[in-house]
1. Any idea which residue in the range C:155-195 is nearest to A:LYS34 (Cα to Cα), counting only those that are of a type in the set (Ser, Thr, Tyr) and touching a residue at least 60 places away in the same chain (Cβ under 8 Å)?
2. Against the condition crowded, with 21+ Cβ neighbours inside 10 Å, of a type in the set (Val, Ile, Thr) and facing chain B (nearest Cβ under 9 Å), how does C:VAL32 come out, does it pass?
3. Here are some conditions: (1) within 23 Å of C:PRO150 (Cα to Cα); (2) more than 8 Å from chain C (Cβ to nearest Cβ); (3) acidic (Asp, Glu). A:ASP37 meets all but one. Which one does it not meet?
4. Looking at the range A:67-115, which of its residues are crowded, with 17+ Cβ neighbours inside 10 Å and of a type in the set (Gly, Ala, Ser)?
5. Can you tell me which residue among A:ALA117, A:ALA164, A:ALA104, A:ALA96 is facing chain B (nearest Cβ under 10 Å), part of a helix (DSSP H, G or I) and farther than 14 Å from A:LEU50 by Cα?
6. Condition first: facing chain A (nearest Cβ under 10 Å), without any contact (Cβ under 8 Å) to a residue 12 or more places away in the chain and aliphatic (A, V, I, L, M). Can you find one or more residues in the range B:67-82 that meet it?
7. Report whether or not C:VAL166 is open to solvent by 30 Å² or more (accessible area, probe 1.4 Å), under 14 Å from C:GLY105 (Cα atoms) and of a type outside the set (Asp, Glu).
Amino acid sequence: MQLQQLFSPSVQHTLDLIGIFVFAISGALLAVRKNFDVFGIAVLAEVTALGGGLFRDLVIGAVPPAAFTDLGYFVTPLLAALVVFFLHPHVERIQAAVLVFDAAGLGLFCVSGTMKAYSYGLGLTASATLGLATAVGGGVLRDVLANEVPSLLRWDRDLYAVPAIVGSAMVVLCIRYDILTPLTSGFAALTAFVLRLLAMRLHWRAPRAWNRRSTVTEE
Amino acid sequence: MQLQQLFSPSVQHTLDLIGIFVFAISGALLAVRKNFDVFGIAVLAEVTALGGGLFRDLVIGAVPPAAFTDLGYFVTPLLAALVVFFLHPHVERIQAAVLVFDAAGLGLFCVSGTMKAYSYGLGLTASATLGLATAVGGGVLRDVLANEVPSLLRWDRDLYAVPAIVGSAMVVLCIRYDILTPLTSGFAALTAFVLRLLAMRLHWRAPRAWNRRSTVTEE
Amino acid sequence: MQLQQLFSPSVQHTLDLIGIFVFAISGALLAVRKNFDVFGIAVLAEVTALGGGLFRDLVIGAVPPAAFTDLGYFVTPLLAALVVFFLHPHVERIQAAVLVFDAAGLGLFCVSGTMKAYSYGLGLTASATLGLATAVGGGVLRDVLANEVPSLLRWDRDLYAVPAIVGSAMVVLCIRYDILTPLTSGFAALTAFVLRLLAMRLHWRAPRAWNRRSTVTEE
């Protein structure tokens, strides 16, 4: 089954580029906040946008990774970096819009990452895990390079991993029951997207360890 | 020579899972101390337990890595995360026991990592180096994700790398002189384990650079 | 075309070892400044010297990477670590010389990294990007392990990426127009080297994002 071809190649490619663009925006904005120069902005945009997919491709043995074979994947983060470089006060003002796009990227990447991992022969659990890693890996690399605690791990951030886990799990369930179609995978991406929007709107948080006596955030 | 089969597969697998479990405990405990939420605890448990082996497998071209093909490798750290999540005051109280298990993991991983690297065609020095990387890599990733200086590198921590280096070196010497058996490799793992215990008990430290005039720890 | 053989193998190998040595010196010196012990010094020397090439080899699928197949690549950083361990006040005093050697390493690695990536079938843009990553990747890993913001990304450091970008770009232009010879590739390495020296001498800096109202460095 050519899982990669669930969507027409051009539709798939366009969705990928949109996800890459919005992730790159989030990386470039952090670089501006950290006072990095224009090259730091470009590097952080590239790493945020392509890091998750790069990790997935190395793990499944898809070398050279798509990040290095598709020129569009490489150029798109540079465009995002340029946008932030010249317009960042406006981009920051529309931070809410950026977060919505980032949620869209999360939904798209967890679904496409899961499907690509499965098409390379990984099991269902491993595919879902790699789909999650594809969706959140770039953000973790972004925070590590910026010398910050990854926001993925912090308890005082709205849920980020859970929407991606749900999306990835829906895809492997569809594969398991042989009902993976453009419609069902699109629905999985939409579910992850909406869950992330709700998590932000309603400030859903995950619990910390039981019996934790101090609530002081250590950082 | 089927180096991987030195122990019966089921014995080898059980030893691996024990090593994975204790490393995962150390990752989950750090996550609790850093005030991460339940997903942060799970992520840090997975990364600590599987990071070293993942690096080794990517380097020797064993893709997809064992971490993604063996469900037990993936589930074990989640169990460790659950244990810490619900019982962490008790787990912390038995911190000494955790350190003993971690030392056992160090001994097991440096030996199994060296043997796996050699069985994939690497030279003796490279195999020992990768064995060391397998044993300490997960802990380094744990500390990097938690935004701390890797305790592996700090002078004010008891020796950690040296026991693993000794264990890895013993394995390659056994290979070199063709005396690698379950007994000798078990003895190498035991030696690394005991050396680590002694390093903790006697606070063995490695020297810092000569002529260092200031002793202030910079951090 | 056997791009790897542009120089005679022994000349190429010697140039590689020189680049590895000087990068390792910079890693070992940072380890001393961070108060790491002798193993921390050795680890940071290895990572700084071999990290960029390791990343490149994983991406192009050249496994096991050269860092693990060539004993000289592994031993050279250890020698650099020993030199720093015993002589670091003198090495620090000749910091200017170290920076000159580091600039030479930058020039050599961006050129050899680009050529190796191209010889493994990557496109011109991807090859230049990987050449850049080869040259700067070790330094980024060094700073991440030392828990510092990568100096590559900071606006208050003299230009480092641009000389490597120029060197890599010159190599792919030479490939594109079929004029890659030992002479032209040597000229590309020399250009990157001289540009880096000029950047240090004249304190060339890259701009930060437009309209940034605050100039306070956040760290």
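1. C:THR191
2. yes
3. Of the numbered conditions (1) within 23 Å of C:PRO150 (Cα to Cα); (2) more than 8 Å from chain C (Cβ to nearest Cβ); (3) acidic (Asp, Glu), the odd one out for A:ASP37 is (2).
4. A:ALA67, A:ALA80, A:ALA81, A:ALA103, A:ALA104, A:GLY105, A:GLY107, A:SER112, A:GLY113
5. Going through A:ALA117, A:ALA164, A:ALA104, A:ALA96 in turn, just one is facing chain B (nearest Cβ under 10 Å), part of a helix (DSSP H, G or I) and farther than 14 Å from A:LEU50 by Cα: A:ALA117.
6. yes
7. It is false that C:VAL166 is open to solvent by 30 Å² or more (accessible area, probe 1.4 Å), under 14 Å from C:GLY105 (Cα atoms) and of a type outside the set (Asp, Glu).
One line per residue, one yes/no per condition, for (1) open to solvent by 50 Å² or more (accessible area, probe 1.4 Å); (2) modelled with pLDDT under 95:
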| position | (1), (2) |
| --- | --- |
| A:ARG157 | yes, yes |
| A:VAL171 | no, no |
| A:LEU180 | no, yes |
| A:SER185 | no, yes |
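The values are calculated or read from the model by the stated rules, or taken from the named source; none is laboratory data. Only a predicted model underlies this, so the values are computations on that prediction, with no experimental measurement involved. No Cβ is skipped: glycine too gets one built from the backbone with ideal geometry, and neighbour counts run over all protein chains shown. Areas reflect the complete protein model, heavy atoms only, side chains present, ligands, DNA and RNA absent. Shrake-Rupley method; radii C 1.70, N 1.55, O 1.52, S 1.80 Å.
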